[in-house]
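Since the structure comes first, as C-alpha cells, the remarks are kept for the end.
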Amino acid sequence: MNLFENIQLAFSGLKAGKMRAFLTMLGIIIGIGSVIAIVAMGSSLQASFATTMAEMGMNNIEVGLQPSGNSTTYWMSDSDLISMEMIEEMQARFSDRVAAVSINNSIGNGQMKDGRKYANTGIRGVTDGYKIAENRTITAGRFITSRDVQGIKNVAVISDFAAQKLFGSQDPLGQEVKVYQDTKIHTFTVVGVYEHNMSGFRGMAATSQDDISTDIYIPLTTSYYIEGWFPTGYSWFSVVAKAGVDAKVLADDISAYFNRFYDNNLNWRVYAYAMEMYLEQMNTMLGGVALFIGAVAAISLIVGGIGVMNIMLVSVTERTREIGTRKALGARNSAIRMQFIVEAIIICLIGGILGILVGIALGAVGSSVVIQTMGEGMLQNAFAIPVTAIVVAVVFSMVIGVFFGFYPANKAAKLDPIDALRYE
C-alpha cells in the first residue's frame, strides 16, 4: 500500500468517526492555538513598541541625575544640578555626534480661547532642540528658536488641530492666542503650527473631538517667567544623536563626560540612557514572558499527543481483525506500521492547521484588546502574524503524530495474524 492509499484510508477513518476525531484533535488545536496566540501577541507588542519608540526618536538619549551607590539623601541642592554651562560644553565637545539638546518644562494644562471657540492644551516650555527630539513637523511658520529663549519672548507654536478649532480657515500665524490657566491668562503670538500626531506615549485617546488636548510650545525661559522662578541647573534633559551615530556608545561617553564634574559628589551621579536600550530591554522582557507562557501552553500539546496515542490504541484494538486479514494476505509489518503512523500524522496535522487559524484569530483579538486597554495613543495597533511560529507549529504537529503514533502503529505491526483473526 503506497502513501496516497494510506492517506485515503486515514481520511476514511476520520470520516467514520468525526466526533471522536475532533475530540482527539482538540488538545492539539488548543495547544497550538495558545502558543500561536501568545507568540502573535508578543510579536505585535514588540512591533508596536518599536514603531512608537521610532516615532519618539530612536536616536534620543535621556540624560539625568540619579543617586549614587553611596547616597545618603534624595535631596538635590542647586550645586548638584547640571548647569547650562556644562550642557553647552558637552554639546561643543560632542558636536560631531550630537544633533540637538532638548530641555522642556511643563507648567500644567489650560484652554486656548478665541471668543466662544476653545481648545484644550498642555503648556510646555521648550528649547529649539525639542523639535528634533520629538520629531515635530512644522506645517506653517517656524518653531521656537534660541533667540526666543534668550529673549523670554511671548511667542508660541500650536498644533494644527488647535489652529483649526480656533481659527478655522484663517491664517493663524501672527494671531494672538489667550491661554486660560486657573485664574491666570497668558497671551502669546502664534509663530508656528506643528502637525499633531495622536500616536506616541504623550498622545491619549479621547472620547470626542472636544476632549482632545494638544500641547502649546513656548520658549523655555518664558515658562519659567510664568512660574516666577529660574533654575540654576537641570536634573534631566535629552540629547539627540546624529544619524549614523551609535546612540548607546554616545550615551556612555556623555555619562563619562558629565561624571567628571561629580567625582567629589557623594550623593549624585549622571546617567545617560539611549532609547534604543529601552527598546532592547522591553523586547527582552516581552520575549521572556511570551516564552514562559508559551512553554506553559505547550504542555497542552503533550496532553493532546497523549490523546492521539490513546485514540490510536483504540483504533488498533477496533481494527485488529482487519490487521490480521491484511497480514494474512501478505502485508508487511512496515506497511501496517506506516498505515497507523500516517493516520496519526493526519489527525495532528489537521488539528495543527485548525490550531493555527484559532491562534491567529485569538492573537489578533488579544493584541487589539491589550492595545485598547493600554490606550490607542500609547501603542500602535500593529498586529504581526508570527510566520516562524506557524511553520514550527506545523512541523511540531507532524512530529507529535509520528512520536505518539509510533507506539500504537508498532503494536499493530507486531500483531500475530492468527491471533488477530481470532480477535472478537
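Of note:
- Using a Förster distance of 41 Å, the FRET efficiency for Tyr278-Lys184 (Cβ separation, nearest 0.05): 0.70
- Counting Lys and Arg as +1 and Asp and Glu as -1 over every other residue whose Cβ lies under 15 Å from the Cβ of Val177, the net charge comes to +3.
- Label positions at Lys242 and Val289, each projected 7 Å from the Cα along the C-beta direction, are separated by 3.9 nm.
- For segment 66-126, the square roots a ≥ b ≥ c of the C-alpha gyration tensor eigenvalues yield an a/c of 1.5 or more together with a/b not exceeding b/c, which makes the shape oblate.
- At the residue level, His196 shows approximately 50 square angstrom of accessible surface with a 1.4 angstrom probe and all protein chains present.
- Portion, in percent, of the accessible area of the chain that falls on carbon or sulfur, probe 1.4 Å: 59 percent
- Of all segments of the chain bounded by trypsin sites (Lys or Arg not before Pro) found in a DSSP loop with no more than 11 other C-beta atoms within 10 Å, the longest spans 117-413.
- Rounded to the nearest 20, the Cβ-based charge dipole of segment 256-331 about its Cα centre (Lys and Arg +1, Asp and Glu -1) stands at 440 debye.
- Proximal charge balance of Ile144 [Cβ under 13 Å; K/R count +1, D/E count -1]: +2
- Charge tally for Gln66 (other residues, Cβ to Cβ under 12 Å; Lys, Arg +1; Asp, Glu -1): -1.
- When the chain is treated as a Gaussian network with alpha carbon springs shorter than 10 Å, the biggest mean-square fluctuation among Ala241, Ala256, Ala272 belongs to Ala256.
- Within the chain, percent of DSSP bridges classed antiparallel, to nearest 5: 75 percent
- Surface analysis of the chain yields an accessible area of 50 Å² per residue, using protein heavy atoms and a 1.4 Å probe.
- Calculated mean residue ellipticity, 222 nm, the chain: -18000 deg cm²/dmol, from DSSP H runs (n ≥ 4) at -39500 (n - 2.57) each, averaged per residue and rounded to 500.
- Selection from Phe161, Ile311, Leu173 lying farthest towards where the dipole of the chain points positive, charges on Cβ: Ile311
- Candidates Leu23, Leu362, Leu286, ranked by Gaussian network fluctuation over the chain, Cα under 10 Å, top entry: Leu23
- Within the chain, longest stretch clear of exposed chymotrypsin sites (Phe, Trp or Tyr not before Pro) (DSSP loop, no more than 10 other Cβ within 10 Å): 230-424
- Basic side chains Lys and Arg get +1 at the Cβ, acidic Asp and Glu get -1 at the Cβ, and with that the dipole of the chain about its Cα centre reaches some 1880 debye.
- With DNA, RNA and ligands ignored, accessible area of Leu415 (1.4 Å probe; Å², nearest 10): 40 Å²
- 3J(HN,Hα) along segment 261-269, derived from phi through the Karplus expression 6.51 cos²θ - 1.76 cosθ + 1.60 where θ = phi - 60°, amounts to 7, 10, 4, 9, 8, 7, 9, 10, 10 Hz, with x in place of Gly and Pro.
- Farthest towards the positive end of the charge dipole of the chain, among the residues Trp75, Asn267, Val193, is the Cα of Val193, using unit charges on the Cβ of Lys, Arg, Asp and Glu.
- Since only Ala247, Ile302, Gly287 are under comparison, the one whose Cα sits farthest along the positive direction of the charge dipole of the chain, derived from C-beta charges on Lys, Arg, Asp and Glu, is Ile302.
- What separates the Cα centres of segment 250-308 and segment 211-249 is a distance of 26 Å.
The values are calculated or read from the model by the stated rules, or taken from the named source; none is laboratory data. Because the structure is predicted, anything quoted here is derived from the model rather than measured. No Cβ is skipped: glycine too gets one built from the backbone with ideal geometry, and neighbour counts run over all protein chains shown. Just so you know, the surface numbers come from the protein's heavy atoms only, side chains and all, with ligands and any DNA or RNA stripped out. Shrake-Rupley method; radii C 1.70, N 1.55, O 1.52, S 1.80 Å.
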